[in-house]
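The next block holds one structure in the form of structure tokens; read it before the comments.
The values are calculated or read from the model by the stated rules, or taken from the named source; none is laboratory data. Please read these numbers as outputs of a predicted model, since none were measured by experiment. In this analysis, Cβ positions are derived from the backbone assuming ideal geometry, glycine residues included, and neighbour counts consider all displayed protein chains. Please note that ligands, DNA and RNA were not included when accessible areas were found on the heavy atoms of the full protein model with its side chains. Shrake-Rupley method; radii C 1.70, N 1.55, O 1.52, S 1.80 Å.
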Amino acid sequence: MFSSLKDKSVLVTGGSKGIGKGIARVFAKSGCKVLITARHEDGARACADELVKAGGKAAAFAADVTDFRSMQKAADYAVKVHGGLDVLCANAGIFPQVKIEDMSDETWDITVDTNLKGTFLSVKACLPALKKSGEGRIILTSSITGPVTGFPGWTHYGATKAGQLGFMRTACIELAKYGITVNAVLPGNIKTEGLTDLGPDYEKSMAASIPLKRLGVVEDIGYAALYFATREAGYVTGQTIIVDGGQILPESMDAINQA
Ligand SMILES: NC(=O)c1ccc[n+]([C@@H]2O[C@H](COP(=O)([O-])OP(=O)(O)OC[C@H]3O[C@@H](n4cnc5c(N)ncnc54)[C@H](OP(=O)(O)O)[C@@H]3O)[C@@H](O)[C@H]2O)c1
């Protein structure tokens, strides 16, 4: 049985929708005090209100992960409203789909700035408060795309998601002396608001290539992140967990069809 995470202070970047909202919901349900950050305050606030309505403890703050000062203010706010900071879920990310031949420098740069530099800036801004926690936890939302698989239109995205793991493997060594662990969740295809917009046919064809025959739900990622945050996971650092319904395993569609 895991020790309770009750009253741990958690900051989730990109917590206003999609996977971040799922992570926030799971931590709030576990009794944590959750600060939801996103660029748009209305979205973050709506999500926090939902969690509070459901009996959780949550607050919202507008912060952009590409802006260090903004992330410092978010970390300070977590300390102010929740009395400290124990867990950073560095989850904010963007994935504009565009092939190399059509990609502008700007698209490359904003993707790298948000997903990779944003991870670094979020960690750096939260570090002083996480050090004070004594058993700080940093949990990155990476992806199977980049570290394990590829998909046309996502060279830049895949590079950032693989880059997060390179960052993690040295960060965990540097931060071990503060009792801070750094781990990453690698989601497969997760059903978010954005994906729902692509329609039921898209979802059906994606699900057909997954051994468990369904897309993930955002809570699937939340529970994996929650494990890394537990006291019992305190000896696990610099590690990854793939949460993808077995998606990366079949050698071909034949492997799926013959099962
Ligand atoms: N969905 C999937 O199937 C999937 C699979 C693998 C990995 N992932 C990873 O999971 C993470 C979340 O993806 P998602 O699908 O849940 O995305 P999403 O639904 O589009 O949500 C993205 C979140 O990030 C915030 N955000 C975007 N840019 C930001 C910035 N510069 N600063 C602060 N917040 C920012 C957004 O709010 P604002 O717009 O208000 O800022 C929103 O809260 C990403 O890191 C993504 O790479 C997703």
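Would you please report the Å³ per residue occupied by the convex hull of the alpha carbon atoms in the chain? Numbers along the way, then the final one.
Working: hull volume 34.6 nm³, N = 259.
Measuring per residue, one finds 134 Å³ for the Cα hull of the chain.
Compute the label zone of Asp105 within segment 142-180: residues whose backbone N is under 13 Å from the point 7 Å along Cα-to-Cβ.
Correct set: none at all.
How far is helix 118-133 tilted, in degrees, relative to the longest principal axis of the Cα atoms in the chain, given as a value from 0 to 90 rounded to the nearest 10?
40 degrees
Just to confirm my numbers, what's the Cα centroid distance between segment 145-188 and segment 97-133 in Å?
Result: 11 Å between the Cα centres.
Any idea what the alpha-carbon Rg over 2.2 N^0.38 Å comes to for segment 19-173?
Compared with the compact-globule rule of thumb, segment 19-173 sits at 1.07.
Which whole-Hz ³J(HN,Hα) couplings does segment 70-85 yield from phi under the Karplus relation 6.51 cos²θ - 1.76 cosθ + 1.60, θ = phi - 60°, glycine and proline marked x?
Taking θ as phi minus 60°, the curve returns 5, 6, 4, 5, 5, 4, 4, 5, 4, 5, 5, 8, 10, x, x, 8 Hz for segment 70-85.
Just how large is the dipole of the chain about the Cα centre, in debye to the nearest 20, putting +1 at every Lys and Arg Cβ and -1 at every Asp and Glu Cβ?
Dipole about the Cα centre, nearest 20: 1160 debye.
Given H placed 1.01 Å from N in the peptide plane, which residues other than close sequence neighbours of Lys33 have an amide H under 5 Å from its amide H?
Asp7, Lys8, Ser9, Val10
If the elastic network links every pair of Cα atoms under 10 Å, which of Ala62, Ala207, Ala90 fluctuates the most in the Gaussian network model of the chain?
So, out of Ala62, Ala207, Ala90, the one fluctuating most is Ala207.
Among Thr111, Asn91, Leu127, whose Cα projects farthest towards the positive end of the dipole of segment 86-129, with charges put on the beta-carbon of Lys, Arg (+1) and Asp, Glu (-1)?
It is Leu127.
For Val182, what residues show an amide H to amide H distance below 5 Å, using hydrogens built from the backbone and excluding near sequence neighbours?
Answer set, sorted by chain and number: Ile138, Gly238.
What percent do you get for the relative contact order of segment 150-259 when only Cα pairs under 8 Å and 6+ apart count?
Across segment 150-259, relative contact order equals 33 percent.
Kindly express, to the nearest 10 degrees and within the range 0 to 90, the angle between helix 41-53's C-alpha long axis and the longest C-alpha principal axis of the chain.
80 degrees
Report the per residue volume, in Å³, of the convex hull enclosing the C-alpha atoms of segment 116-256.
Dividing the Cα hull volume of segment 116-256 by its residues yields 121 Å³.
For the Cα atoms of the chain, what angle does the longest principal axis make with the long axis of helix 18-29, in degrees from 0 to 90, nearest 10?
40 degrees
Report the residue, chosen from Ser143, Ser70, Ser104, that carries the largest GNM mean-square fluctuation when the chain is represented by alpha-carbon nodes joined by springs under 10 Å.
Per the Cα network of the chain with a 10 Å cutoff, Ser104 tops the list.
Of Val81, Val34, Val112, which has the most accessible area and how do the rest follow, probe 1.4 Å?
Sorted descending by solvent-accessible area, the residues read Val81, Val112, Val34.
When we measure straight from the Cα of Lys204, which lysines land under 21 angstrom away, once same-chain ones fewer than 8 places off are left out?
Lys191, Lys213
Given Cα pairs under 8 Å that are at least 6 residues apart, what percent is the relative contact order of the chain?
So the answer I get is 20 percent.
Rounded to the nearest 5, what % of the DSSP beta bridges within segment 3-257 are antiparallel ones?
0 percent
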